[in-house]
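Comments concern the structure below.
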Amino acid sequence: MKLIEGKPIAEAVYAECLTSFEELRAAGHLPGLAVVLVGDDPASRAYVGSKERKCQELGMHSVKIELPEDTPQDRLHEVIAGLNADDAIHGILVQLPLPGHLDEDAVILRIDPAKDVDGLHPVNLGKLAMDDSTGFAPCTPSGCQRMLIESGIETSGANVVIVGRSLLVGKSLALLMMGKGEGGNSTVTVAHSQTKDLAALTREADILVAAIGIPHFIGPEHIKDGAVVIDVGINRIEDTSAPKGSRLVGDVDFEAVKCKCEAITPVPGGVGRMTIAMLMANTIRACRHRAGI
Ligand code: NAD
């Protein structure tokens with residue numbers, strides 16, 4: 001069994017970012033990312049903190065906008081309009097999920113597609129569906145695909161089963177993997193909560209992707225011998241033996257399935273590492289687009 005770790009692959013992405021960054025800086029451009037956080041969700045706060053730290057490490061311009069939990073929709077739209085108009089900002093990310101009273105789709109629609117580095121604006125999702133590489137693909141699915149490419153896993157003609165149909169992960173990854181680009185050309189099936197006999201379907205998968213949000217949901221009965229397994233899930237479970245009283249686990253029961261797999265990603269240390277790396281890569285690409293480089 002080969003362990004597909006996120007760290008070395010993310011480092012390779014950062015190395016490319018730095019090369020591109022130097023080229024931009026030499027031409028007088030500094031990539032800038034704005035992250036908007038509404039409310040006080042601790043997990044969202046932690047994600048935003050990691051994004052900010054990574055921007056600083058790379059030497060990028062970074063802006064964090066924190067808004068209170070009860071921010072009205074109009075106020076958030078004003079903030080987005082300000083960032084759209086700000087020439088120092090090339091990428092805008094609104095940390096999801098937003099508090100329940102806010103309409104996420106309406107907010108995403110306000111982001112200039114050229115700054116939508118999270119790849120969730122309909123223009124970018126349309127480009128993804130059209131195999132138009134000038135758009136931005138969502139970061140977590142792009143990270144999964146990059147892991148497969150860098151690990152030398154053949155995706156062309158492979159049977160890929162993705163469990164989970166969210167726009168953020170499952171549905172977008174399906175578009176990427178059935179696309180004609182590198183790491184694509186797969187035969188993709190998307191399973192979800194209404195799928196019948198899930199295990200029979202997933203046992204057909206050469207590459208199985210779990211993006212469900214239920215700890216240890218995927219067990220040995222779901223996996224064909226020799227399959228490649230990508231675990232997108234990040235779930236916090238109670239563990240009295242852990243220093244914090246809890247720990248992170250994936251959607252896959254790693255210990256129970258690892259001996260059946262040709263390759264598998266761990267949690268933590270797998271896909272999670274890639275999401276921020278792809279966000280930085282998208283932001284630098286957005287800056288290049290604007291600079292015409
Ligand atoms: P979501 O809740 O939006 O979607 C979950 C999907 O799982 C849904 O499409 C649903 O139909 C499917 N599902 C639920 N129960 C099922 C069942 N019994 N059988 C089959 N399918 C079922 O979640 P999401 O935003 O797509 O995230 C999924 C997981 O990935 C979560 O654990 C999340 O924390 C994690 N995640 C990780 C990253 C990362 O950077 N690694 C990024 C985004 C999400």
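Nothing in this text is a laboratory measurement; each read-out follows from the coordinates by a stated rule. All of these numbers come straight from a predicted model, not from anything done at the bench. Note: ideal-geometry Cβ built from the backbone for every residue, glycine included; neighbour counts use all protein chains shown.
Along the positive direction of the dipole of the chain (beta-carbon charges: Lys, Arg +1; Asp, Glu -1; about the Cα centre), which of Gly59, Ala85, Leu125 reaches farthest? The residue sitting farthest along the positive end of the dipole is Gly59. Cross-link pairs exceeding 28 Å between alpha carbons, from the set Lys7/Lys64; Lys7/Lys260; Lys51/Lys127; Lys115/Lys196; Lys171/Lys260: Lys115/Lys196. When you restrict to C-alpha pairs under 8 Å that are six or more residues apart and normalise by the size of the range 3-128, the relative contact order lands at 25 percent. The Cβ shell under 14 Å around Ser156 holds other residues with a net charge of -2, Lys and Arg each +1, Asp and Glu each -1. Taking label positions 7 Å along the Cα-Cβ direction at both Ala129 and Ala12, the computed distance is 3.2 nm, reported to one decimal. Among the trypsin sites (Lys or Arg not before Pro) in the range 118-187, those located in a DSSP loop and surrounded by at most 13 other Cβ atoms within 10 Å of their own Cβ are Lys180.
Rounded to the nearest 10 degrees, the angle from helix 42-58 to the longest Cα principal axis of the chain is 70 degrees.
Using a/c under 1.5 as the rounded threshold, could you call the range 46-101 rounded, prolate or oblate? The axes a ≥ b ≥ c are square roots of the C-alpha gyration tensor eigenvalues, and prolate needs a/b larger than b/c, oblate otherwise. The shape class here is oblate. Counting charges near His289 (Lys, Arg +1; Asp, Glu -1) among other residues having Cβ under 15 Å from its Cβ returns a value of 0.
Were the residues from Arg247 through His289 laid out at 0.36 nm apart, the gain over their Cα-Cα distance would be 11.1 nm.
For the range 198-293, the ratio of Cα radius of gyration to the globular rule of thumb 2.2 N^0.38 Å stands at 1.35. Normalised by the number of residues in the chain, the average gap of Cα pairs under 8 Å and 6 or more apart makes the relative contact order 21 percent. Equivalent-ellipsoid semi-axes (√(5λ), Cα gyration tensor) for the chain, whole Å, largest first? The equivalent ellipsoid of the chain has semi-axes of 31, 22, 19 Å.
Among Lys54, Lys196, Lys260, the ranking by other beta carbons within 10 Å of each residue's beta carbon, starting with the fewest, stands as Lys196, Lys260, Lys54. Here the range 237-263 is scanned for amide nitrogen atoms under 12 Å from the site 7 Å beyond the Cα of Met1 along Cα-to-Cβ, giving 252-263.
Calculated [222 nm] ellipticity per residue, helices only, for the chain: -12500 deg cm²/dmol; basis is -39500 (n - 2.57) per DSSP H run with n ≥ 4, divided by all residues, nearest 500.
Distances between placed amide hydrogens fall under 5 Å for Lys224 paired with Ala205, all partners being 5 or more residues away or on another chain. Between 0 and 90 degrees, the angle of helix 139-150 with respect to the longest Cα principal axis of the chain falls at about 60 degrees. Which residue, Val38, Val228, Val252, has the most motion in a Gaussian network model of the chain that connects Cα atoms within less than 10 Å? In the Gaussian network model the winner is Val38.
Let a ≥ b ≥ c be the square roots of the eigenvalues of the Cα gyration tensor of the range 151-232; is it rounded (a/c under 1.5), or, if not, prolate (a/b larger than b/c) or oblate? Oblate, because a/c is 1.5 or more while a/b does not exceed b/c.
Would you tally the net charge around Ile276, using a Cβ to Cβ cut-off of less than 11 Å, leaving Ile276 out, and scoring K and R as +1, D and E as -1? That sum, taken over residues with Cβ under 11 Å, equals +2. Taking the convex hull of the alpha carbon positions in the range 1-149 and averaging its projected area over all directions gives 10.2 nm².
Working value for the range 134-181: equivalent-ellipsoid semi-axes of 16, 13, 10 Å, each the square root of 5 times a Cα gyration tensor eigenvalue, largest first. Using Cβ point charges alone (K and R +1, D and E -1), the dipole size of the range 159-249 about the Cα centre works out to roughly 300 debye.
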